[in-house]
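Structure, as structure tokens:
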């Protein structure tokens with residue numbers, strides 16, 4: 001569809017590439033507004049957090065904050081948060097991928113648009129409203145709980161509770177699955193129907209197409225979407241805060257307590273050190289994402 | 001609209017199951033909000049209560065204007081950038097992908113503290129600083145949505161045609177490209193609106209007073225009213241979405257059909 | 001010798017002149033209310049009220065309406081004096097209040113704060129410049145010495161007792177904290193928040209410690225108690241707030257006695273009957289909350305009027321009874337007619353700081369029903385240092401309990 005070579009020639013056929021610095025200038029100018037915006041409203045605040053994580057309460061340089069951040073209970077919190085991220089990502093990515101595939105391949109244009117819009121809105125739910133929705137539905141006296149009981153299913157027969165790591169993962173799926181649908185749909189869309197038809201013409205069955213062509217093509221995008229979901233679940237804050245009263249050790253909650261809590265009042269910079277720790281973990285997850293995306297985007301042109 | 005049963009079954013099942021999953025929690029809290037315990041029945045008392053609160057109009061206005069400005073910032077910033085990215089900026093795609101992804105992976109709390117510490121005084125006294133921060137939060141989704149939408153149309157052809165007919169870049173983007181990706185733009189718009197309306201963490205940490213902080217205050221005086229308010233803010237967006245979805249034809253379908 | 005005499009004369013002359021200027025100055029210069037340190041230097045109640053009315057607004061912060069009946073205090077103040085009250089983040093914490101003072105722009109600075117003692121300790125003490133403007137209210141002498149700064153920078157306002165709250169459908173009705181391990185309460189017990197973040201929840205754990213044989217220096221039994229509750233399934237880790245209670249997510253909790261009136265009223269609207277009782281095995285009194293005027297207060301006179309109001313022990317009228325005629329009264333007459341903050345706190349279920357003096361003078365009103373301290377019970381009040389030591393244990397153990 002897109003033929004990148006043409007764009008380097010202007011209408012008169014002369015090369016628009018021009019000099020190397022001219023080309024670079026064009027690149028810089030094009031991305032400048034976005035970079036400026038993100039720079040001022042995102043990277044600069046983030047930088048100030050990084051900076052103060054190295055300060056103690058009187059402004060002097062210290063590594064103490066990081067020392068404490070690596071001890072308990074923060075270590076358990078990091079481990080819990082990473083676990084939460086991974087499990088939430090996997091359990092949401094699979095249904096999300098399936099939904100994305102089915103909608104993309106069998107849905108009408110209108111349906112696809114509708115699903116995209118709904119997913120966008122659902123992906124932003126969180127915090128107290130979301131927590132309450134789930135409590136009203138699946139809580140001890142919830143209407144969905146009662147409904148399921150009418151069908152003979154008692155979700156509280158075992159030790160299940162909404163206010164645990166498992167419960168939080170369950171509630172997270174409400175916005176994680178739509179997020180997956182949003183980020184994975186472009187990849188599915190890229191599986192050209194022409195390829196499926198071409199494979200059929202060459203004698204392949206549907207299963208063979210998928211095994212040899214479809215899945216290998218979708219796999220990188222699936223993994224990269226998974227990593228993105230991990231980062232989102234790992235850093236989610238408002239919902240976990242609304243669902244548990246501190247009984248599940250999670251890093252964003254600890255940061256919130258240090259910054260906004262009533263009990264420990266003088267360790268804001270520790271909170272910032274923890275935030276930097278989160279940034280590092282997220283970046284570690286993002287690097288494979290970018291590498292895979294770079295490869296996969298070739299197929300999406 | 002006749003499909004063969006075999007083809008439509010997976011779609012039907014998917015929509016059913018996904019629909020149930022989405023609607024059960026929403027429906028439960030909606031049912032809860034309609035309860036009228038003192039009268040032992042269901043009705044709209046709680047909704048009437050919060051709509052008749054004197055501050056309701058004020059807070060709706062505040063949150064709505066913040067959301068609108070947020071959406072505007074994102075569209076004005078992203079549409080030209082993503083157009084450029086798809087036409088001439090291919091090289092910087094990984095870079096742009098990365099920086100637009102960052103807000104998703106950083107805890108909101110960290111951004112809030114950072115904004116508090118670093119932004120100058122004049123920025124902190126104007127409530128529209130929130131619009132800029134909401135735009136940052138919405139960036140990952142908005143960018144991806146717009147990018148997907150622009151990749152689905154023959155952008156190269158369209159823009160060259162428009163330019164060939166004499167339009168400058170501004171006209172091309174505003175009058176030609178944007179209408180074509182109407183559906184995508186609306187998607188991004190809704191998402192930004194939903195996010196801005198529901199955002200609490202940054203709003204309260206930066207001492208501002210919007211719809212969501214007001215709901216928290218109200219919940220101390222009237223729990224049922226607060227619940228109705230939360231349901232209202234979620235459901236209102238959905239209804240809005242449905243209405244728009246029903247009436248806006250996805251214009252890209254014309255172009256897509258030609259492709260197929 | 002002559003030079004010395006001349007110098008002495010000059011000094012004397014200058015002193016006389018400057019003293020007369022100093023004496024003359026107050027009457028010609030306007031009172032700077034931001035440096036006023038008590039009612040006298042303010043020029044009397046009439047002057048203070050007039051100046052506050054002129055400012056027209058009062059910035060308060062993190063004051064929930066149903067917390068010690070702050071709602072009534074704010075309504076009465078606004079109705080009587082016509083001063084608008086802006087409440088920043090009513091749900092916020094003491095740390096948030098101090099953060100705001102440190103970082104907010106001038107217009108958003110709170111005029112007054114109401115913070116917990118542990119938060120106070122992070123901004124007071126050797127080497128720390130004061131962020132509060134000193135002011136001694138008219139009833140200063142009634143505030144116990146241990147709960148006020150000698151220079152007037154901060155002063156305790158009210159304290160609470162940890163009470164057991166439970167839904168009326170709970171059977172058998174719990175009367176003490178040790179009851180909570182009863183298997184009949186499976187899935188019912190919640191805390192009002194995170195003990196590592198919320199003072200009230202932290203003190204709830206402390207109350208459990210007292211009930212289980214601990215002391216102000218030993219909070220471990222409290223932590224062990226909650227561990228037991230967790231393992232036998234009685235404890236639900238849901239946020240013990242009003243909405244979740246209405247949704248039936250929990251039925252029993254521990255919270256401040258002064259939250260009772262508001263919580264009961266709110267529960268009623270949701271069709272539920274909530275009951276409060278002081279546990280018979282632990283009467284834990286929290287340290288008082290602390291009032292202070294912000295040095296950077298944008299409305300200095302209003303701030304000081306508010307403090308005078310909060311510490312007034314008058315029995316007077318409530319906001320519902322203020323008439324248009326009352327509002328036309330002079331500042332001091334109006335002030336004398338309305339109910340004082342100390343009694344408003346009582347109506348909210350809290351114990352005002354001036355209680356000992358008020359009980360003696362019989363100026364204290366009756367509190368809400370049902371929140372009586374069990375006869376002969378020992379009131380335990382951990383001091384800030386003991387609290388700090390206990391917090392370390394809670395922060396370390398709670399998340400992995």
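The values are calculated or read from the model by the stated rules, or taken from the named source; none is laboratory data. Bear in mind that the values here come from a model prediction, so they are computed numbers and not experimental data. Here the Cβ positions follow ideal geometry from the backbone for every residue, glycine too, while neighbour counts run over all protein chains shown.
For this structure, a couple of remarks:
- Residue A:21 vs. criteria free of Cβ contacts under 8 Å to residues at least 24 places away in the same chain, more than 9 Å from chain B (Cβ to nearest Cβ) and part of a helix (DSSP H, G or I): yes
- Residue-level analysis places residue A:100 outside the set of residues that are closer than 22 Å to residue A:281 by Cβ, in contact (Cβ under 8 Å) with a residue 40 or more places away in the chain and in the same structural domain as residue A:188 (by TED's automatic domain parsing).
- Exclusive hit being touching a helix residue (DSSP H, G or I) at 6+ places or on another chain (Cβ under 7 Å), surrounded by 22 or more Cβ atoms within 10 Å (Cβ to Cβ) and part of a helix (DSSP H, G or I), set B:212, B:178: B:212
- For residue B:23: the one exception among (1) buried (at least 17 other Cβ atoms within 10 Å of the Cβ); (2) more than 14 Å from chain C (Cβ to nearest Cβ): (1)
- The condition of being in contact with a helix residue (DSSP H, G or I) (Cβ under 7 Å, 6 or more places away or on another chain) and on the phi > 0 side of the Ramachandran plot holds for only one of C:341, C:367, C:349, C:331, that being C:349.
- For region B:30-40, the count of residues that are within 10 Å of another protein chain (Cβ to nearest Cβ), closer than 22 Å to residue A:122 by Cβ, touching a strand residue (DSSP E or B) at 6+ places or on another chain (Cβ under 9 Å) and exposed (fewer than 15 other Cβ atoms within 10 Å of the Cβ) is at least one.
- Among helices (runs of 4 or more DSSP H) entirely within region C:273-387, having at least 2 residues that are in contact (Cβ under 8 Å) with a residue 12 or more places away in the chain and closer than 30 Å to residue B:38 by Cβ singles out C:341-347.
- Residues located in region C:116-148, provided they are away from every other protein chain (no Cβ under 14 Å) and touching a strand residue (DSSP E or B) at 6+ places or on another chain (Cβ under 7 Å): C:132, C:133, C:135, C:136, C:143, C:147, C:148
- Failed condition for residue B:117, given (1) over 30 Å from residue A:114 (Cα atoms); (2) part of a helix (DSSP H, G or I); (3) out of contact with any helix residue (DSSP H, G or I) (no Cβ under 6 Å at 6 or more places or on another chain): (3)
- Qualifying residue in region B:191-203 (condition: more than 9 Å from every other protein chain (Cβ to nearest Cβ) and not in a helix (DSSP H, G or I)): no
- Test for residue A:131: is it within 14 Å of chain C (Cβ to nearest Cβ) and buried (at least 24 other Cβ atoms within 10 Å of the Cβ): yes
- Leading residue by the ranking (farthest from residue A:64 (Cα to Cα)) among those in region A:33-51 that are in contact (Cβ under 8 Å) with a residue 24 or more places away in the chain and facing another protein chain (nearest Cβ under 7 Å): A:46
- Residue C:198 at pLDDT below 95, under 13 Å from residue C:162 (Cβ atoms) and either under 24 Å from the mean Cα position of the chain (by Cα) or away from chain A (no Cβ under 11 Å) (or both): yes
- Within region C:381-401, if we keep just the residues that are exposed (fewer than 15 other Cβ atoms within 10 Å of the Cβ) and either at the interface with chain A (Cβ under 8 Å from one of its Cβ atoms) or within 16 Å of residue C:193 (Cβ to Cβ) (or both), the residue that is modelled with the highest pLDDT turns out to be C:396.
- Some residue of region C:369-378 being crowded, with 21+ Cβ neighbours inside 10 Å and farther than 21 Å from residue A:267 by Cα: no
- Failed criterion for residue B:175 (all others in (1) free of Cβ contacts under 8 Å to residues at least 24 places away in the same chain; (2) over 16 Å from residue B:84 (Cβ atoms); (3) more than 24 Å from the chain's Cα centre (by Cα) hold): (3)
- The number of residues in region A:107-124 being more than 7 Å from chain B (Cβ to nearest Cβ) and either in a helix (DSSP H, G or I) or touching a helix residue (DSSP H, G or I) at 6+ places or on another chain (Cβ under 7 Å) (or both) comes to 4.
- Annotation note: of B:69, B:109, B:48, B:76, the sole residue that is at negative phi, within 14 Å of chain C (Cβ to nearest Cβ), surrounded by fewer than 20 Cβ atoms within 10 Å (Cβ to Cβ) and assigned to a helix (DSSP H, G or I) is B:48.
- Residue match in region C:261-269 (condition: over 30 Å from residue C:344 (Cβ atoms) and either outside the structural domain of residue C:343 (by TED's automatic domain parsing) or modelled with pLDDT of 90 or more (or both)): no
- Test for residue A:216: is it under 21 Å from the mean Cα position of the chain (by Cα) and either assigned to a helix (DSSP H, G or I) or farther than 27 Å from residue A:50 by Cβ (or both): no
- Filter pass, residue C:120 being crowded, with 20+ Cβ neighbours inside 10 Å and assigned by TED's automatic domain parsing to the domain that holds residue C:377: no
- The set of residues from region B:123-132 being crowded, with 19+ Cβ neighbours inside 10 Å and either within 11 Å of chain C (Cβ to nearest Cβ) or farther than 11 Å from residue B:67 by Cα (or both) comprises B:124, B:129.
- Checking B:221, B:161, B:236, B:167 one by one, the residue that is modelled with pLDDT of 80 or more and under 30 Å from residue C:267 (Cα atoms) is B:236 and no other.
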